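Enquirer: My structure is below; once you've seen it, I'll send some questions.
The values are calculated or read from the model by the stated rules, or taken from the named source; none is laboratory data. Predicted model, so just to flag it, every value in this text is computed and none were measured. Cβ sites come from the backbone with ideal geometry, for glycine too, and all protein chains shown count toward neighbours. All accessible areas refer to the heavy atoms of the entire protein, side chains included, with ligands and DNA or RNA removed. Shrake-Rupley method; radii C 1.70, N 1.55, O 1.52, S 1.80 Å.
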Amino acid sequence: MKIYYYIFYQLYKFWEIVSIPRFWSDYKAIISICAIEIWLIASVVKFFYIEYFINFSYIYLLPLIIYLVVFNFTLFHKKKACNKYFNEFEKIPKFKNIIGTIIVWLLIITVLIVYFLSSYKLQNR
């Protein structure tokens, strides 16, 4: 769970830097996590050819997606829980924080690459 909060922390920091003016960074981070999770689920479905072998529709994933969105909003919108972890993550030494940032972004980029490769692989089949 701590890793999940760290990913949220990194995305929050990202949106704080990128957004002009700085507002709703927590909502943008939550939406980003939801998007990453949806891409991960879709890439698993595509990678294992689930939609190719059976008559699969993404409408079947709608309850799971709704659950993930509600779960993420309730988990990360609690200010007390986030502040506890944010204070802890702010105390991490700079070098460890840089390594953590690299790992989080490599994870996000890997999910995106797997999603697009699995889409490409399925289209060319």
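Enquirer: Consider residue 78 against the criteria (1) at pLDDT 75 or above; (2) closer than 18 Å to residue 11 by Cα; (3) open to solvent by 50 Å² or more (accessible area, probe 1.4 Å): it satisfies all of them except one. Which criterion is unmet?
Expert: That leaves (1) as the condition not met.
Enquirer: Taking only segment 108-120 into account, find how many residues are surrounded by fewer than 14 Cβ atoms within 10 Å (Cβ to Cβ), hydrophobic (A, V, I, L, M, F, W, C) and under 16 Å from the mean Cα position of the chain (by Cα). Talk me through it step by step, then tell me what you get.
Expert: Applying the first criterion (surrounded by fewer than 14 Cβ atoms within 10 Å (Cβ to Cβ)) to segment 108-120 yields 109-110, 113, 116-117, 120.
From what is left, the residues that are hydrophobic (A, V, I, L, M, F, W, C) are 109, 113, 116-117.
Okay, now just the ones that are also under 16 Å from the mean Cα position of the chain (by Cα), so 109, 113, 116.
The qualifying residues number 3.
Enquirer: Condition first: polar (S, T, N, Q), at pLDDT below 85, open to solvent by 50 Å² or more (accessible area, probe 1.4 Å) and within 18 Å of residue 36 (Cα to Cα). Can you find one or more residues in segment 67-75 that meet it? If you could, list the steps in order and put the result at the bottom.
Expert: First pass over segment 67-75, keeping only residues polar (S, T, N, Q): 72, 74.
Subset that is at pLDDT below 85: 72, 74.
From what's left, open to solvent by 50 Å² or more (accessible area, probe 1.4 Å): 74.
From the residues that got through so far, the ones that are within 18 Å of residue 36 (Cα to Cα) too are 74.
Within segment 67-75 (the criterion being polar (S, T, N, Q), at pLDDT below 85, open to solvent by 50 Å² or more (accessible area, probe 1.4 Å) and within 18 Å of residue 36 (Cα to Cα)), the answer is yes, since at least one residue qualifies.
Enquirer: Further question on the same structure: Could you identify the single residue in 44, 18 that is modelled with pLDDT of 80 or more, β-branched (Val, Ile, Thr) and loosely packed, with under 15 Cβ neighbours inside 10 Å?
Expert: 18
Enquirer: Hey, another quick one. Looking only at residues that are out of contact with any helix residue (DSSP H, G or I) (no Cβ under 7 Å at 6 or more places or on another chain) and of a type in the set (Phe, Trp, Tyr) in segment 84-125, which one is farthest from residue 40 (Cα to Cα)?
Expert: This residue is 95.
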